[in-house]
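Input: a single structure, listed below in structure tokens.
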Amino acid sequence: AQKITQTQPGMFVQEKEAVTLDCTYDTSDPSYGLFWYKQPSSGEMIFLIYQGSYDQQNATEGRYSLNFQKARKSANLVISASQLGDSAMYFCAMRDIGSGANSKLTFGKGITLSVRP
Amino acid sequence: NAGVMQNPRHLVRRRGQEARLRCSPMKGHSHVYWYRQLPEEGLKFMVYLQKENIIDESGMPKERFSAEFPKEGPSILRIQQVVRGDSAAYFCASSPQGGTPSGTDTQYFGPGTRLTVL
């Protein structure tokens with residue numbers, strides 16, 4: 001069974017600084033995908049970034065990058081140059097590709113990020 | 001291109017009533033997923049559907065819950081005889097037709113329906 005672990009307490013970062021949100025995962029499948037989603041106080045789920053288990057390079061999307069360490073089974077999200085609008089809940093999720101590219105996502109419990117002006 | 005649409009955004013029901021939640025996937029998407037989020041928790045998978053077919057319902061409670069995705073119209077998540085424990089945010093996600101070998105078939109989420117059972 002797949003498992004996502006997000007154990008950091010509420011995170012705080014100063015505006016314009018970088019912050020790393022931790023995510024570790026557990027799976028016995030060799031093929032999987034890792035996702036990060038943002039959930040602001042308004043409640044919607046916003047896709048941020050994706051990393052495939054066979055990708056050679058860490059994924060980047062604008063100010064978001066994923067620090068993927070396969071041997072350690074970690075997929076930490078790095079947000080550079082934090083903005084006040086980055087204050088939100090952040091969820092790490094995994095999908096087992098081996099059972100079909102459209103299979104379900106398994107989510108962690110999330111991390112609350114607060115950006116201070 | 002409109003995103004995933006869900007309605008209603010907020011739904012209040014009394015114990016024993018029925019709740020019907022609707023989801024219209026993004027244009028061109030034929031895969032729909034339903035997730036439930038309890039307060040202070042991450043999302044939990046409920047069911048995965050394609051047009052007229054339930055592909056994976058391993059996360060659905062055995063009783064009172066059902067889902068459909070008809071050939072025409074939105075996907076419906078139906079909860080019969082609601083109880084207070086059903087109060088949660090219910091999210092629908094969709095993904096494009098067909099998977100990709102690299103697994104980059106991202107699921108895009110709707111705004112959710114907040115169900116409150118009195």
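The values are calculated or read from the model by the stated rules, or taken from the named source; none is laboratory data. Source: prediction; values computed, not measured. No Cβ is skipped: glycine too gets one built from the backbone with ideal geometry, and neighbour counts run over all protein chains shown. Ligands, DNA and RNA are excluded from the accessible area calculation, which covers all protein heavy atoms including side chains. Shrake-Rupley method; radii C 1.70, N 1.55, O 1.52, S 1.80 Å.
Ligands, DNA and RNA excluded, the heavy atoms of B:TRP34 present near 0 Å² of accessible surface to a 1.4 Å solvent probe. Toward the positive end of the charge dipole of chain B, with +1 on the Cβ of Lys and Arg and -1 on the Cβ of Asp and Glu, the farthest Cα among B:ASN53, B:THR106, B:SER87 is that of B:SER87. Share of carbon and sulfur in the accessible area of segment A:1-48 stands at 50%, probe radius 1.4 Å. A dipole drawn for segment B:1-47 from +1 and -1 charges on Cβ atoms has a positive end, and of B:ASN7, B:GLN17, B:TYR33 the residue lying farthest that way is B:GLN17. Each Lys and Arg adds +1 at its Cβ and each Asp and Glu adds -1 at its Cβ; summed about the Cα centre, chain B shows a dipole of about 500 debye.
Could you order A:ASP96, B:ASP56, A:ASP26 by accessible surface area, starting with the largest, using a probe radius of 1.4 Å?
Values: A:ASP96 20, B:ASP56 45, A:ASP26 80 Å².
Highest to lowest solvent-accessible surface, that is A:ASP26, B:ASP56, A:ASP96.
Computed over chain A, the P(r) curve from all C-alpha pair distances, binned at 5 Å from the origin, holds 2, 12, 23, 25, 20, 10, 6, 2, 0 percent per bin.
Between A:ASN67, A:ASN58, A:ASN76, the Gaussian network model of chain A with springs among Cα atoms under 10 angstrom shows the greatest mean-square fluctuation at A:ASN58. All alpha carbon pair distances within the protein assembly as shown were sorted into 5 Å bins beginning at 0; the resulting P(r) in whole percents reads 1, 7, 14, 18, 19, 16, 13, 8, 4, 1, 0.
For the chain pair B and A, the interface hides roughly 1800 square angstrom of accessible area in total, found with a 1.4 Å probe. Here the alpha carbons of chain B define both size measures, Rg and Dmax, at 13.8, 45 Å. Residues B:LYS27, A:LYS3, sorted by accessible area with the largest first, give B:LYS27, A:LYS3 [1.4 Å probe; ligands and nucleic acids excluded].
For the peptide A:41-48, the mean number of other protein chain Cβ atoms found within 10 angstrom of a residue's Cβ is 5.
Net charge around A:LYS16, counting only other residues with Cβ within less than 14 Å of its Cβ (Lys, Arg = +1; Asp, Glu = -1)? Provide the component values of the computation, followed by the final result.
Details: positive: A:ARG63, A:ARG116; negative: A:GLU15, A:GLU17, A:ASP86.
Residues near A:LYS16 contribute -1 overall.
Percent of accessible area on chain B owned by carbon and sulfur, 1.4 Å probe?
Values: 2840 of 6010 Å².
Accessible surface attributable to carbon and sulfur in chain B totals 47 percent.
The charge dipole of segment A:1-97, taken about the Cα centre with unit charges on the Cβ atoms of Lys, Arg (+1) and Asp, Glu (-1), comes to about 140 debye, rounded to the nearest 20. Taken per residue, the accessible surface of the protein assembly as shown reaches 49 Å², heavy atoms only and a 1.4 Å probe.
Using a cut-off of 14 Å between beta-carbons, work out the net charge of the residues near A:LYS38 (Lys and Arg +1, Asp and Glu -1, A:LYS38 not included). Please list the in-between numbers first.
Details: positive: A:ARG63; negative: A:GLU44, A:GLU61, A:ASP86.
Result for the neighbourhood of A:LYS38: -2.
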